[in-house]
Amino acid sequence: MYYYQRLRDLREDNDKSQADIAQLLGMKQQQYARYESGVQEIPLHHVIKLARFYNVTIDYIVGLIQFPEPLDRIKR
């Protein structure tokens, strides 16, 4: 699975619109739509912000692991 599919799945699972997530990231909806469609790569600082927002690891977002691990359960 490509990371952009995970971005869409996470957004939809949390009942958020592209406009909601774009606002969280400080951009226009059209820019965020490019990330979800795979037209443009999402910068790492946005991936970090989304991981915190969705409470999942970056590994999950980028497809390195199959199932989400909550960030708040990981020991630091």
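Under the 0.36 nm per residue contour assumption, what length would be gained going from the current alpha-carbon distance of A19 and R52 to full extension? Intermediate values should be presented prior to the final figure.
Details: separation 33, 0.36 × 33 = 11.88 nm, distance 1.80 nm.
Contour length minus the Cα-Cα distance gives 10.1 nm.
Once you have the Cα-Cα distance between L71 and S37, take 0.36 nm times their residue separation minus that, and quote the gain in nm to one decimal.
Answer, rounded to one decimal: 9.7 nm.
Only the coordinates and a few stated rules stand behind these numbers; no lab work does. Keep in mind that this is a model prediction, so the values were computed, not measured.
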